[in-house]
Amino acid sequence: MSDPERLPTQLYLISPLDVGGDFPERLARAIDAGEGLVAAFQFRVKGGDQHEAARLAAPLQEICAARDVAFIVNDSIALAKRLGADGVHLGQEDGTVAEARDALGRDAQIGVTCHDSRHLAMDAGEAGADYVAFGAFFPTTTKEVSHRAELDVLTWWQQIFEIPCVAIGGITPDNCAPLVEAGADFLAVSGAVWNGDEVAAVKAFAKAMSAA
């Protein structure tokens, strides 16, 4: 069983690369299916056209705002600022926490990819990150994986730090329970939700996470 003092683990939805077409409706259905389970949504678009990114982001931001779900931009501090996003998620090559804080303000939620590294996570925490992300825990087709994380990094983090940690990488309803038990505050999921019926997937996550 998980620590009774810890808040229940929540979902952190990561967008597919194609967020056009009927994706806004799918996002709304996924969030609503969770009945409060979804805490955040990460907007991932590849390519440098900020005007097009802003056009795609607008309906998704509205959906998130109406449901009290944090809208986080992946990789780009500049795009996060342009959109007035709730925060930004930084990879190790995407700028510093200090730069993001300076650009986005003290209320922005700034997350940092830390792979499987305790050292990177401690550095991010000391720099003022609002959460750290560990992974990949399982094989994933969403992006190329060069780091594999073990469950004990989540338990170690929970025992020492108060900053939330996110588990990412190949997470499905079938394999998520050990991550919840190990101490993940959030499960970052993409393909497991968007590659099929998003409502059924979120409900399956809810069932598996509550049982963990």
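The values are calculated or read from the model by the stated rules, or taken from the named source; none is laboratory data. In this text, all values refer to a predicted model and were calculated from it rather than measured experimentally. Ideal geometry is used to build each Cβ from the backbone, glycine not excepted, and the neighbour counts take in all protein chains shown.
Among the residues making up region 1-15, those that are surrounded by 15 or more Cβ atoms within 10 Å (Cβ to Cβ) and at pLDDT 95 or above are THR9, GLN10, LEU11, TYR12, LEU13, ILE14, SER15.
So that you can scan it fast, the table gives a plain yes or no per residue for (1) in contact with a Phe, Trp or Tyr (Cβ under 7 Å, 6 or more places away or on another chain); (2) not basic (Lys, Arg):
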| position | (1), (2) |
| --- | --- |
| PHE41 | yes, yes |
| ALA54 | no, yes |
| ARG82 | no, no |
| ASP94 | no, yes |
| HIS119 | no, yes |
| ASP130 | no, yes |
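Scanning region 129-177 for residues that are in a helix (DSSP H, G or I) and in contact (Cβ under 8 Å) with a residue 40 or more places away in the chain yields a single hit, GLN158. Against the definition (over 17 Å from the mean Cα position of the chain (by Cα), buried (at least 20 other Cβ atoms within 10 Å of the Cβ) and at negative phi), how does ALA33 come out, yes or no? When the stated conditions are applied, ALA33 passes them. Of all the numbered requirements in (1) at pLDDT 95 or above; (2) in contact with a helix residue (DSSP H, G or I) (Cβ under 8 Å, 6 or more places away or on another chain), THR142 misses one, and that requirement is (1).
Checking each residue in region 80-128 for being in contact (Cβ under 8 Å) with a residue 40 or more places away in the chain and among the small types (Gly, Ala, Ser) picks out ALA85, GLY87, GLY111, ALA121.
Could you check region 78-128 and list, in sequence order, the residues that are in a helix (DSSP H, G or I), within 23 Å of LEU154 (Cα to Cα), among the hydrophobic types (A, V, I, L, M, F, W, C) and within 18 Å of the chain's Cα centre (by Cα)?
We begin by selecting, within region 78-128, every residue in a helix (DSSP H, G or I); these are 78-83, 97-104, 118-127.
Checking the rest, the ones that are also within 23 Å of LEU154 (Cα to Cα) come to 97, 118-127.
Subsequent filtering for residues that are among the hydrophobic types (A, V, I, L, M, F, W, C) retains 97, 120-122, 124, 127.
Correct list: VAL97, LEU120, ALA121, ALA124.
Looking at ILE63, ILE72 in this structure, which one is in a helix (DSSP H, G or I), among the β-branched types (Val, Ile, Thr) and buried (at least 17 other Cβ atoms within 10 Å of the Cβ)?
ILE63
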